Amino acid sequence: MVIKFKKADPEDVFKNTMKGKLGEAIVKQCLGDLVSEIDCEVLPNSGDGKIDLTVNSDREIGIQVKTRYSSAGGAEWRVSLDELDANQAIACVLIYSADAGAQDFDEFQSEYCPIMAGFMPTDLILEDFERGESDRGKVRDEKASFPITIEDLSYEDGLRN
């Protein structure tokens, strides 16, 4: 953890962790007992590009939760190849801001407006990449990240199924 966060601003680390944990809490609320409990510890082998939640009936099924703070129109989540390889679904949560230009998450608010925006199976993203039907290119760059917008997402209730 020291190596991972040594050069990072502690305030940014806290804000990003808080946003991520809020997103995980929303997905957990939607899926209930179907998924693992949220671990609020920041561990090197979980979260941050690994597996955020697992399905209780099959611990090999991972769900990566992506959380963004923005207006609905400006929401874009980014997912890496490592995240796609490690998980079977990407669940996207929007912490809604009425201010379309809002970029800075306020960690001192007493309430937030989180919305389970939807999900996307990782296989669909990888198929799109491998077919070359995206602007992502064909080279498997491990540092590449892929954009996901609200229009790309499936209805969140389908994640339960």
Only one of (1) modelled with pLDDT under 90; (2) surrounded by fewer than 14 Cβ atoms within 10 Å (Cβ to Cβ) is not met by Phe105, so which one is it? (2)
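Yes/no matrix, rows are residues, columns are (1) within 11 Å of Ala89 (Cβ to Cβ); (2) in contact with a Gly (Cβ under 7 Å, 6 or more places away or on another chain); (3) modelled with pLDDT under 75:
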site: Gly118; (1), (2), (3): yes, no, no
site: Ser134; (1), (2), (3): no, no, yes
site: Lys138; (1), (2), (3): no, yes, yes
site: Glu142; (1), (2), (3): no, no, yes
site: Ile148; (1), (2), (3): no, no, no
Might you check whether a residue that is modelled with pLDDT under 90 and either closer than 24 Å to Phe14 by Cβ or more than 12 Å from the chain's Cα centre (by Cα) (or both) occurs anywhere in the stretch 84-91? no
Scanning the stretch 150-161 residue by residue, those in a helix (DSSP H, G or I), modelled with pLDDT under 70 and over 12 Å from Ile90 (Cβ atoms) turn out to be Asp157, Gly158, Arg160
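The values are calculated or read from the model by the stated rules, or taken from the named source; none is laboratory data. Worth saying up front: this structure is predicted, and the values here are computed from it rather than measured. All Cβ positions, even for glycine, are placed from backbone atoms using ideal geometry, and neighbour counts span all protein chains on display.
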